[in-house]
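The values are calculated or read from the model by the stated rules, or taken from the named source; none is laboratory data. This one's a predicted model, so the numbers in the text were calculated from it and none came from an experiment. Here Cβ is always computed from backbone atoms with ideal geometry, including for glycine, and neighbour counts include all displayed protein chains.
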Amino acid sequence: MSNPFINLNGGDPDVEAPKCVKDALMKAFKEGGVWTHYGGRDIPQEFREAVVDYYKTIGPEYKPENVIPTAGSSAALYVALATILEKGDEILLWEPSYSGHYSLLDNMGVKMSVAPLKEETGWHPDMDTLQEYVSPKTKGVLICNPNNPTGTVFTKDELKGICDIAVDNDMAVFSDEIYLHFVYGDSKFYSTASLGYEDRTLNIMSFSKTFSMTGYRLGYAIVPDRYLEKATMVQGMAAARPATFVYAGGTAALRSDLKYVEERRKIYKGRVDYICNALNGIDGISCIPSQGAFYAWFNIKDLGIGSQEFCDRLQKEGVGMRPGKVFGVNTDGYVRAALVRPIDDLKKVVAKVENVVNSL
Ligand SMILES: Cc1ncc(COP(=O)(O)O)c(C=O)c1O
C-alpha cells in the first residue's frame, strides 16, 4: 500500500478554479487573435471594469485607471512597495506574517520595523505601543489582513488606529487583502480603503486563493490617484503583466455570483475547526483557531524542539509543514500547516503529529 506524502507546506488550494473561469479562458485562447497578442487597451480595460464592480462591494468605487493588473499579487506587492519605498526607507509591519513580504522588502533594502502580533490576545497587535515602531524614516505600513500565517482578522478599531498613525506620519498603507473572503465566526473583514483612508491605501489583491488560481498568475494592485503615475511606471518597467487570455478568466471570476468562493470558505472553516481541535488534544501543542485565511498556526514550545526539527521529523512521517522561523524573528516555537487537503487527510496528519510528539 503506498503512503503518499501529505503536503501542507504551501498555500496552494487542492481544487481547480471555478468552471466559469476555465470556460472563459479556453474560449479566449481558442479564439486567438487579440487574446493571444499583447492585448492592447480593451482587454485590460474590461478586466479593470470588472475589478471596479467587484471591489465596490468591499470598499470604495475606484476608477478603472486605478487598477493595475499583474501576474499574481507577488508582482502587485512589488508595484505597490516600489512605488513608495526606496532603499534606506522604513516600513512598519508585524510578525508573524507572510515570509514573502520580508524577503521582498529585504531585497529592496527597506528597513523593517516589526511589531509583534501577540498570542495572548489571539494574535492581535498591541495598539498602545505601535507608535514606538514608527520613525521619521517610516514611509509606509504593510497590513496583511487576514494575516498569513496567524489568520488574524484586524478589527475596525485596529485598522483605524493603524491608519491614523499613517495619516499623522504621512505614510502609505499597503493592504494585502488576498484572503479577504476567508473569514470565520464573528470576525468581519474591513478594507482600510473603506474606512476613510482610500487616498493613501494601496490594495494588493489576488485570484490565487479566492478562486484557486495559483498557477494562472493573476492579481492586481489598486492604487489611489496620488501614487498612480509612479505605480504605472513601475509596472511598465519591472512587474510582469498577466498573459492576455488569462484576463478572460479573471473577468469571468469577478463577474460570477461568488458561490464558489463561499463554498470554499465553508470548507476551509471546517478544516480550521477540525485541526485546531485535534491539535489542542495533543500534549505540548496548542493552537488558536484562525479567524481568517486557511492556515493553522500552532505553538510547539513545550515540546522542547525547534520548528525546523519538528518539520524535519514530520517530513520523515510523510507530512510537509512550514517551520515558524520563516514567518518572523521570534517565531521559532511555532509551525504552520496550510489547510489545503481534505479532512480525511488532516486526520492522518494529526496521527503523524502524534507520532512525532510520542517519539520525543
Ligand atoms: C499574504 C500573501 N500575499 C501574497 C501572496 C502571493 O500570492 P500570489 O502571488 O500567488 O498572488 C501570498 C501567497 O501565499 C500570501 O500568502
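Overview of values
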| quantity | calculated |
| --- | --- |
| Leading residue by the ranking (nearest to the ligand (Cβ to nearest atom)) among those in segment 226-249 that are charged (D, E, K, R) and assigned to a helix (DSSP H, G or I) | LYS230 |
| Segment 194-206, subset in contact (Cβ under 8 Å) with a residue 60 or more places away in the chain and surrounded by 22 or more Cβ atoms within 10 Å (Cβ to Cβ), residue nearest to the ligand (Cβ to nearest atom) | SER206 |
| Unique match (being charged (D, E, K, R) and either more than 20 Å from the chain's Cα centre (by Cα) or buried (at least 22 other Cβ atoms within 10 Å of the Cβ) (or both)) among LYS188, LYS209, LYS269 | LYS209 |
| Inter-residue pairs, beta-carbon under 7 Å, first acidic (Asp, Glu) and in segment 275-303, second modelled with pLDDT of 95 or more and more than 16 Å from the ligand (Cβ to nearest atom), 6+ apart | ASP283/VAL357; ASP302/GLY284 |
| Residue check for SER191: within 14 Å of the ligand (Cβ to nearest atom) and either on the phi < 0 side of the Ramachandran plot or not assigned by TED's automatic domain parsing to the domain that holds LYS266 (or both) | no |
| Listing of helices (runs of 4 or more DSSP H) fully contained in segment 250-358 that carry 3 or more residues being of a type outside the set (D, E, K, R), more than 20 Å from LYS209 (Cα to Cα) and in contact with a Cys (Cβ under 6 Å, 6 or more places away or on another chain) | 259-280 |
| Among residues of segment 126-156, those that are touching a helix residue (DSSP H, G or I) at 6+ places or on another chain (Cβ under 8 Å), under 30 Å from ARG264 (Cα atoms) and more than 16 Å from the ligand (Cβ to nearest atom), counted | 1 |
| Helices (runs of 4 or more DSSP H) contained entirely in segment 7-115, each with at least 2 residues that are at pLDDT below 95 and either away from the ligand (no atom under 13 Å from the Cβ) or among the small types (Gly, Ala, Ser) (or both) | 42-55 |
